[in-house]
Amino acid sequence: MDSITIAGQSISYRVAGAGPTVILLHCSSSHSGQWKALIADLASDFTVLAPDFHGYGHSDALPRDGRPFFEHDSAIVTGLAARFGGRAHLVGHSLGGTIALRVEIHHPELVRS
């Protein structure tokens, strides 16, 4: 697992492959490990990223600053997209889908699909 610092928090993520960026966003009862098989399938054609949201997997806990979780978790996606060249394909399951939609609405310049 690799990590990135977002707003002072350590966020873990899986990374594999090369090519256009795909970011896989897990559901609320899981972590980035839910995507292991899909990562293996996509890595021959894409750079595949799968972060652990705040408090999941190996990432730091959600900051207690009064801001809602979706603001913090959206920042993970925008930070990873920016680090890996912007314009990413977003794939989300449940909670991850909600975060993907929020990123697309507020940062369409970072979303390819």
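The values are calculated or read from the model by the stated rules, or taken from the named source; none is laboratory data. As the structure is a computational prediction, the values presented were derived from the model and not from experiment. For neighbour counting, all protein chains shown are included, and Cβ atoms are generated from backbone atoms with ideal geometry for every residue, glycine included. Side chains included, ligands, DNA and RNA excluded: accessible areas come from the protein's heavy atoms. Shrake-Rupley method; radii C 1.70, N 1.55, O 1.52, S 1.80 Å.
Here are the numbers for the structure shown:
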item	result
Candidates 100, 82 - the one that is part of a helix (DSSP H, G or I), under 11 Å from the mean Cα position of the chain (by Cα) and not aromatic (Phe, Trp, Tyr)	100
Unmet requirement for residue 62, which otherwise passes all of (1) free of Cβ contacts under 8 Å to residues at least 12 places away in the same chain; (2) open to solvent by 70 Å² or more (accessible area, probe 1.4 Å); (3) in a loop (DSSP other than H, G, I, E, B); (4) not small (Gly, Ala, Ser)	(2)
Filter pass, residue 69 being modelled with pLDDT under 95 and either aliphatic (A, V, I, L, M) or open to solvent by 60 Å² or more (accessible area, probe 1.4 Å) (or both)	yes
Filtered residues of region 1-33 (kept if more than 17 Å from residue 84 (Cβ to Cβ), under 14 Å from the mean Cα position of the chain (by Cα) and surrounded by fewer than 17 Cβ atoms within 10 Å (Cβ to Cβ))	10, 27, 28, 33
Given (1) assigned to a loop (DSSP other than H, G, I, E, B); (2) closer than 25 Å to residue 105 by Cβ; (3) of a type outside the set (A, V, I, L, M, F, W, C), index of the condition residue 45 fails	(2)
Residues located in region 80-94, provided they are of a type in the set (A, V, I, L, M) and crowded, with 16+ Cβ neighbours inside 10 Å	80, 81, 88, 90, 91
